[in-house]
Amino acid sequence: MTRPQLIPLPPQTQARKSITFRPPPIDSSLTLPQIYDWQSQHSAAHRLFMFTDIDGKLNTITWSEGVAAVHTSARILRKRLASFQVIKRPVVAILSTSDTIPYFITMMGILRADMICFPISPRNSAIAVAHLLSKVEVDHVLVGHDSAMESLLKDALDLLRVKTFEPEGSGVMIPTFSPMLTFEDLFLKDSSTEIDASDLPLRYTDPNELVMYLHSSGSTAFPKPIPWTNHRLIQLMHIPWFGGQDLTDQIWSLHVMPMYHGMGVLQLCWTASCGLVVASFLPKNPAVLATPENLFLAAKATNSEVIFCVPSFIEAWAKKPEYVQWLSTRNGVLYGGGPLNKEAGDLLTKHGVSIYILYGSTEGGIMSPIIPARGSPGYDWNYFTFPALVTPEMIPSGDGSYEFVMVSNTICQPSVINTNVNGVPAYATSDLMLPHPTKEGYWRIFGRTDDQIMHNTGEKTNPGPLENMMNQDPHVQASVMFGRGQFHAGIIAEPRTQFTFDPSDEEKLSEFRNQVWPTVEKMNNFAPQHSRLFKEMLLVASPAKPFTYTAKNTARRQAILDDYDTEIKRLYETVNESTQAGIPPPEEWDLNCTMDFVRVVITKVLQRHLNDNDDIFEHGCDSLQATWIRNTLLRALRQSAEIDSRNWTTTNFVYEYPTINNLSRFLVALTNGSWTMERFSNIEASKQKIEIMETMVSKYSNGLPSLNIQQRSNRVMLITGTTGALGCHILATLLADAEVSRIYAFNRKRESFTPLERQIQAFNEREIDTEQLRTCGSKLVLLDADLTRDGFGIDSKIYGDILNSVTHVLHNGKSSSKLAWRVDFNLSLTSFESNIKGLRNLIALSLMSGAQLIYTSSMGIFQNVESLETLKETWVDPEVAVGTGYTESKWVSEKLILSSMLPNSLVIRVGQLTGDSKYGVWNRKEWVPTMIRSATMLGCLPDEPKLISWISVDYAAHILVSYTKGDFGSRNSPSILHLAHPNPISWSTIAEAIRTELENTALVPYAEWLARLEERSQDTKLPAVRLLPFYRALNTRIGSSHNYEAFGMPRMVTEKGAPTIVLPSLSGDDASRWICHWKKLGWNNV
């Protein structure tokens, strides 16, 4: 066995002023038990433990007394296990809720007796305990004195006896057991502090000798034992030396520290390494049950400088001013085991309380500083840096978060190795972190890669923050979200003991859902739209099937999901009908009763009150909610009006009639027989749509201000939608442009993230260097804006500055930002009215400021073109754009700009954009990436002989910015430009490169590819299924006109808008970059 190298000397940060404590050699020349013997001589009078007795008297245990108790413990154990030592080195497990001092001394006693120590969490189930005893081949168990521990061990041993864990024929060793050592066993029966331990020889002193097992939390199924060696324990002793404070002689309140937990075991190392003093409750049997109140009083009585506790205690203290005042006089509060409520943490920070986060794992040790300089975190207390002994590798996860991988080094080697980085062994933690928006090297915990819920839409729900919010509800003990492979998420909640009930009782279930609903509403306000919860998606745990918990007292996610698999499946089956059955249908299907009914349905689904003429999609309704509304209305029609709606409900009529008023009139027409399919023929529908389009142009072109011509030397840009792909690259281009003096970037507000945090996340997702965001100073002004409001809802002074300085307004309607158009072809024109209103306000700003307006439109405006018509850079008639609300809104926008007569304004019809030319970052849910990603599952990819004029998104951004510098438009009126590649290439060239890259992928005609996709239309794991209606629509246009490119895309003339820069054609290298990017994110994720 190779002997590890000696560990280098750490930074000399500890024991700078102490006269009682002497730092030991922590270079791995001594083992931890040897260091304890060393400290009994060199730091004999230094304090090791402190506690107050029943009369409030302060008691101290010194190092000489503590090590004597360790020797006492070792002698007792050697006597109890004398027969084992003849045969083998015993593994001794502890299964006890014993208080701090006896547990601490007993663990060290096991090590000093030359045995292997295995602390087991008493929170484990009997089957988990049995698994651990079997896996490690435990010889002896020290069991707690309370009946709960005795019963837990008995049940575990019974399971071992029936060989639950081993194959038939293999032997299972049944460990012996004896009572856990008490404080009286260790101290009062032998008060000697003699240091002679000649009767306790240490043979297993090699650094590589295994001396201890800990176990993982077991959040999936069973906890896993993790071995620690002599060398690993010495490495862990270095952690305080890489912190920001001298901890020697500091009293740490560890009253609630679970000693079976990794953090508890680390106190064996840190007390000996840096001389911190452990404050605990009075040792007694049974152990003191900690509460926020008795912990606070005990910490105060022992004059503790650092108080360690769980977040719920801190949140309780934040509500008591007298507690907060005393905490502000301490060094700080150290928390771990879960997230701390931001409001509570900020309140404490405001009143001078220092808060420190503890981040670590059994596999990696403590990976945050212990502890930073006092007060240094400030309001960023939920962020931390990695100490110098940790070598982090941050792996992008594709959504702005990063997985932390811990790379081995001389000082710190993880106990578990599951990957390597550049050939160096490493531990991939599965922990996701977000970088601080402005402080480089600072990170906050975001979630876990193995917890993320992948929906069948390709969206991800990160359950951690949402579950934490639910767990703060006073009615809820714990919760677990679910929804993998489903359209929407749900959650299982286990009520607190006093609120437990049988969830089959519908009345009590409804009552409980109502009780927690205010908390769910807070969660929904925080969550992205695809992660929001309906009341019907709240399951309640049954008392007959209680949650199981890890050693950290967190819910065992996968075990609980497995336990409730049947209930979850049944819930989705019920909800797939998605009807609000509790809403009775109208008594009469007249307009008044119907409108009352529709109003209630929409209010219940959207959880907000709307006016009868409000467009529901402009007020946050998404496709899932639209489906719930539709199906609820259909249920009422079937039950009450006895209408067979199967012939006409293949599409969602809610999109066509998106207001309470219009939906109600539609339903009345259905029930009285005046609505027929023929009534809405295509010709008639087109005429109606054109009339609506022209009316909207007239509505928003009235009352525009007059032109105010200004001459300004500085180039000041206002750009909207900078968090989407094109917007990010435009912003990056403008930041690099020395001629631009200031940039105002408008984006819609998003709760819980600042504008800068969102922008950095957007840049990270697209692998754009964020350094320019951090160093641009006052050049960039990021603003939360609402384009539909007067003054855009921003500070009036900033609005005035924009009005008086802006020279260019670039409205990025192509962006995926929330300020841009929703690319949803189900929506009708009225659902885009807020976008039209926002454009109108930007036109008004451009007129008043004299700025040039540049608006990105879409080639999709060519919805209906004659087969021989040339698609030139000219204005088009409304008939060309009729078809979907999206294309109709683009026509209204173009027409609105034309009617404004803004001089030098540009409408840029943007063609198909691809991933950038450097990294190939391309939204994998768009139609081209989805088609390519599905090729491996379908075994084929469409081949098309025609051309494609696609442009990489970063080149498109450069071209758009160049339009602000040249004379591309008319000085007297608005102009149209087409942004497409002037030198198209054959799709077959790209397809062949993709086929080579993917292997086992045939190139077939589009019709054959579509047929194969239709055969798999029920396969929710196939990405292209989600866009099947779109691919069907493409098939109707392919090959129908020379004016169409490959896949039936419009072939646009690019004369006036031809780029001035050299534009390389797409190639197989571009396709390789796209594929590489998608594989990094998860190739087959829907």
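Just so you know, all these numbers are worked out from the coordinates, no wet-lab data involved. If you're wondering where the values come from, they're calculated on a predicted model, not measured in any experiment. Neighbour counts run over all protein chains shown; Cβ positions are idealised from the backbone, glycine included.
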Label segment 32-309 by shape, choosing from rounded, prolate and oblate, from the square roots a ≥ b ≥ c of the eigenvalues of the Cα gyration tensor; if a/c is under 1.5 it is rounded, and otherwise prolate applies when a/b is larger than b/c, oblate when it is not. prolate
Fewest first, what order do 1072, 354 take by the number of other Cβ atoms within 10 Å? 1072, 354
Loop only by DSSP, 12 or fewer other Cβ within 10 Å of the Cβ. Give me the trypsin sites (Lys or Arg not before Pro) in segment 716-814 that pass, ordered by residue number. 789
Of 892, 345, 478, farthest towards positive along the dipole that unit charges on Lys, Arg, Asp, Glu beta carbons give the chain: 345
Treating cross-link reach as a plain straight distance, find the lysines whose alpha-carbon is under 24 Å from the alpha-carbon of residue 1079, omitting any fewer than eight places away in the same chain. 460, 918, 925, 1021
Among (i) 95, 49, 25; (ii) 62, 33, 29; (iii) 67, 32, 29, the value of semi-axes √(5λ) of the Cα gyration tensor in Å computed for this structure carries the label (ii)
Dipole magnitude of the chain about its Cα centre (Cβ charges: Lys, Arg +1; Asp, Glu -1), debye to nearest 20: 1460 debye
If you take the charge dipole of the chain about its Cα centre, with +1 on Lys and Arg Cβ and -1 on Asp and Glu Cβ, which of 354, 515, 1002 is farthest toward its positive end? 354
What relative contact order, as a whole-number percentage, does the chain give when Cα pairs under 8 Å and 6 or more residues apart are counted? 7 percent
Ranked packing of 595-601, 419-425, 106-112, most packed first, by mean Cβ within 10 Å: 106-112, 595-601, 419-425
If you place +1 on the Cβ of every Lys and Arg and -1 on the Cβ of every Asp and Glu, how big does the dipole about the Cα centre of segment 860-947 come out, in debye to the nearest 20? 440 debye
Pairs over 29 Å Cα to Cα, from 439/1080; 300/342; 17/320, come to 17/320
Give me the percent of DSSP beta bridges within the chain that run antiparallel, rounded to the nearest 5. 40 percent
Cβ-based net charge around residue 339, under 11 Å, with every Lys or Arg adding one and every Asp or Glu removing one: 0
For the chain, calculated [θ]222 nm from helices alone, where every DSSP H run of n ≥ 4 adds -39500 (n - 2.57): -10500 deg cm²/dmol
Nearby lysines by direct alpha-carbon distance to residue 284 (threshold 19 angstrom, same-chain neighbours under 8 apart not counted): 57, 189
Using a Cα-Cα cut-off of under 14 Å, which aspartates and glutamates could be cross-linked to residue 319, ignoring same-chain neighbours fewer than 8 residues away? 293, 343, 346
Rank by packing, highest mean first: peptides 229-241, 142-154, 997-1009, with packing defined as the count of other Cβ atoms within 10 Å averaged across residues. 229-241, 142-154, 997-1009
Quick one: which of 33-40, 297-304, 496-503 comes out on top by average Cβ neighbours within 10 Å, and what's the full order, highest first? 33-40, 297-304, 496-503
Please report the net charge: other residues with Cβ closer than 12 Å to the Cβ of residue 961, K and R +1, D and E -1. -1
What's the magnitude of the charge dipole for segment 453-576 around its Cα centre, counting Lys and Arg as +1 and Asp and Glu as -1 at the beta-carbon? Answer in Debye, nearest 20. 440 debye
Would you mind counting up the charge near residue 382? Only other residues with Cβ under 15 Å from its Cβ, with Lys and Arg at +1 and Asp and Glu at -1. -2
Positive end of the charge dipole of segment 300-433 (Lys, Arg +1 and Asp, Glu -1 on Cβ, about the Cα centre): tell me which of 324, 314, 422 has its Cα farthest that way. 324
